[in-house]
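The block underneath contains the structure these notes are about, expressed in structure tokens.
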Amino acid sequence: MGITKNEKMKKKGALKRKEAVYFDYSLLAVLIFLICFGLVMLYSTSSYSALVKYGNSMHFFVRQLLFIIAGFIGMYIVMHIDYHFYIKWSKPIYFLSIFLMALVQTPLGQEVNGAKRWIRLPFDQQLQPSEVAKIAVILFIPALICSMGKEIKTLNGVIRVLLWGGFSAACVLFLTDNLSTAIIVMGITCITIFVVHPKTKPFVAIVVIGLVLILVTVVILNATLTTSDNFRIRRILTWLRPEEYASGVGYQTLQGLYAIGSGGFFGKGLGNSAQKMVIPEVQNDMILSVICEELGVFGAIVVLVLFGMLLYRLLFIAQNAPDVYGSLIVTGIFSHIALQVILNVSVVINLIPNTGITLPFISYGGTAVLFLMAEMGIALGVSRKIKFHE
């Protein structure tokens, strides 16, 4: 006996009902909580310096809030764009980021606190092109790997991808003089290659050799140098002997450590930080030190747990993405946030030399928060394509 047309329609309907479309509300919830926490801490941290410098204690808070609102709007728009759209446009975006970084060396470039890393924009705004470089690499490297197919498993394939990532990192370093972002850009490239490459031992060997070389270099510098004209070497010397540079380049680091030490486990209480009045640019890369002073080690643990939850949700999306390109994009976003958090925390506790890297979603910075929100929109867009069968 044959199956009637109505029965076929019923079967199709049943299959559609069993296929559940997914959206990662957990990622969105963690993101909102992290941003709200960041705004509270930004106001607490920056109110004194904003009042002294601008006559308005809410100056940094209001500006950050406006950028976050714009970021949420951008995230909503990006979230509804099919991420496969970026395959075609990832290469132009990559070269656009190089072009924008080159503009820093023109009269359009703007110097802030001794560093020329920004482009002047109308209405007294500025753009940091190195932030564009991060998202450009996140979109382009996965597209390049997908186009290569099995070639990525060969040495030539790996070198080819490393050259593209390395060129972007070199432009970040030499055109915008931003070592920390160059490390992140190269780190995103290397982690993406590691994820798709079948062999693990060569990567482990390279990391071990790299760490040994860095350790040997640091030991030699510590034994042979007492001063240098190179500001990066001075930062290394300050990291090794911060007390000797307490009145100069080591001032920010030492004051940050004092803030962490005085906070204890539960802190002095929200708004009760004393070190925020003396730490330079405390609302940027040293905001975690004030969190430790006001909320204690417990507050720092809460921050790290929130980032851990955010990274876990990104990992979940990457593992369940419908295709390789979606998975690698979210892997790149995961790498970016993980590296930036690790570097910032390491700088604040003086585990590594000061690199001027900010804490995602918490530190003050308009360009940074806009592009981070765009990355979250891309990740949520990938999550919308995930389908589970009930």
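The values are calculated or read from the model by the stated rules, or taken from the named source; none is laboratory data. This one's a predicted model, so the numbers in the text were calculated from it and none came from an experiment. Because the Cβ atoms are built from the backbone with ideal geometry, glycine has one as well, and the counts that use them run over all protein chains shown. The protein model used for the area step is the full one, side chains on, heavy atoms only, and it has no ligands, DNA or RNA in it. Shrake-Rupley method; radii C 1.70, N 1.55, O 1.52, S 1.80 Å.
Where helices (runs of 4 or more DSSP H) fall wholly inside region 212-329, the ranges with 2 or more residues that are out of contact with any strand residue (DSSP E or B) (no Cβ under 9 Å at 6 or more places or on another chain), under 30 Å from Tyr25 (Cβ atoms) and at pLDDT 80 or above are 287-320. Confirm whether Lys134 is open to solvent by less than 20 Å² (accessible area, probe 1.4 Å), in a helix (DSSP H, G or I) and modelled with pLDDT of 85 or more. So Lys134 passes the test. Of all residues in region 105-118, none satisfies being touching a residue at least 24 places away in the same chain (Cβ under 8 Å), part of a helix (DSSP H, G or I) and either basic (Lys, Arg) or over 17 Å from Val195 (Cα atoms) (or both). Sub-8 Å Cβ pairs linking a first residue in region 188-201 that is open to solvent by 60 Å² or more (accessible area, probe 1.4 Å) to a second residue that is part of a loop (DSSP other than H, G, I, E, B), at least 6 apart or interchain, are Phe194/Thr200, ordered by first then second residue. Considering every residue within region 322-338, establish whether at least one is open to solvent by 10 Å² or more (accessible area, probe 1.4 Å), in contact with a Phe, Trp or Tyr (Cβ under 7 Å, 6 or more places away or on another chain) and closer than 26 Å to Gly256 by Cα. No, every residue in region 322-338 fails to be open to solvent by 10 Å² or more (accessible area, probe 1.4 Å), in contact with a Phe, Trp or Tyr (Cβ under 7 Å, 6 or more places away or on another chain) and closer than 26 Å to Gly256 by Cα. Pairing each residue of region 20-48 that is more than 23 Å from Phe388 (Cα to Cα) with any residue that is assigned to a helix (DSSP H, G or I) and charged (D, E, K, R), provided the two are 6+ apart or on different chains, yields C-beta distances under 7 Å for Ser44/Glu294; Thr45/Lys276; Tyr48/Lys276. Can you find a residue in region 137-149 that is assigned to a helix (DSSP H, G or I), under 18 Å from Ile357 (Cβ atoms), touching a Ser or Thr at 6+ places or on another chain (Cβ under 9 Å) and of a type outside the set (Ser, Thr, Tyr)? Checked region 137-149: at least one residue is assigned to a helix (DSSP H, G or I), under 18 Å from Ile357 (Cβ atoms), touching a Ser or Thr at 6+ places or on another chain (Cβ under 9 Å) and of a type outside the set (Ser, Thr, Tyr). From the list Asn354, Asn344, Asn350, the lone residue that is of a type outside the set (Asp, Glu), at pLDDT 90 or above and either within 24 Å of Trp239 (Cα to Cα) or in contact with a Phe, Trp or Tyr (Cβ under 7 Å, 6 or more places away or on another chain) (or both) is Asn344. Close contacts from region 74-100, counting a first residue that is free of Cβ contacts under 8 Å to residues at least 24 places away in the same chain and more than 22 Å from Ser383 (Cβ to Cβ) and a second that is part of a helix (DSSP H, G or I) and open to solvent by less than 100 Å² (accessible area, probe 1.4 Å), with Cβ to Cβ under 9 Å and a gap of 6+ residues or different chains, come to Phe95/Ala136; Phe99/Pro129. The residues of region 331-364 that are of a type in the set (Phe, Trp, Tyr) and farther than 16 Å from Leu304 by Cα amount to a single one, Tyr364.
What do you reckon, is Ser180 open to solvent by 40 Å² or more (accessible area, probe 1.4 Å) and small (Gly, Ala, Ser)? Spelling it out, it is not the case that Ser180 is open to solvent by 40 Å² or more (accessible area, probe 1.4 Å) and small (Gly, Ala, Ser). Within region 100-111, the set of residues being surrounded by 12 or more Cβ atoms within 10 Å (Cβ to Cβ) and more than 20 Å from the chain's Cα centre (by Cα) comprises Ala102, Leu103, Val104, Gln105, Leu108, Gly109, Gln110.
Here Ser147 does not fit the description of being at pLDDT below 95 and open to solvent by less than 10 Å² (accessible area, probe 1.4 Å).
Condition check ((1) hydroxyl-bearing (Ser, Thr, Tyr); (2) open to solvent by 20 Å² or more (accessible area, probe 1.4 Å)) across all residues:
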{"site": "Tyr43", "(1), (2)": "yes, yes"}
{"site": "Lys53", "(1), (2)": "no, yes"}
{"site": "Phe61", "(1), (2)": "no, yes"}
{"site": "Ile68", "(1), (2)": "no, no"}
{"site": "Gly71", "(1), (2)": "no, no"}
{"site": "Gly74", "(1), (2)": "no, yes"}
{"site": "Tyr83", "(1), (2)": "yes, no"}
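Within region 150-177, if we keep just the residues that are among the small types (Gly, Ala, Ser) and within 21 Å of Ile357 (Cα to Cα), the residue that is surrounded by the fewest Cβ atoms within 10 Å (Cβ to Cβ) turns out to be Ala170. Of all residues in region 250-284, those satisfying the criterion of being without any contact (Cβ under 8 Å) to a residue 60 or more places away in the chain and open to solvent by 40 Å² or more (accessible area, probe 1.4 Å) are Tyr251, Tyr258, Gly261, Ser262, Phe265, Phe266, Lys268, Asn272, Ala274, Val278, Pro280. Any residue that is within 26 Å of Ala136 (Cα to Cα), modelled with pLDDT of 80 or more, in a helix (DSSP H, G or I) and basic (Lys, Arg) - is there at least one of those in region 196-203? No, there is no match, as no residue in region 196-203 is within 26 Å of Ala136 (Cα to Cα), modelled with pLDDT of 80 or more, in a helix (DSSP H, G or I) and basic (Lys, Arg).
Applying the set (1) in contact with a Gly (Cβ under 6 Å, 6 or more places away or on another chain); (2) surrounded by 20 or more Cβ atoms within 10 Å (Cβ to Cβ) to Lys116 leaves exactly one unmet item: (2). The conditions are (1) of a type in the set (A, V, I, L, M); (2) under 24 Å from Ala29 (Cβ atoms); (3) not in a helix (DSSP H, G or I), and Val345 fails exactly one of them. Which is it? Exception for Val345: condition (3).
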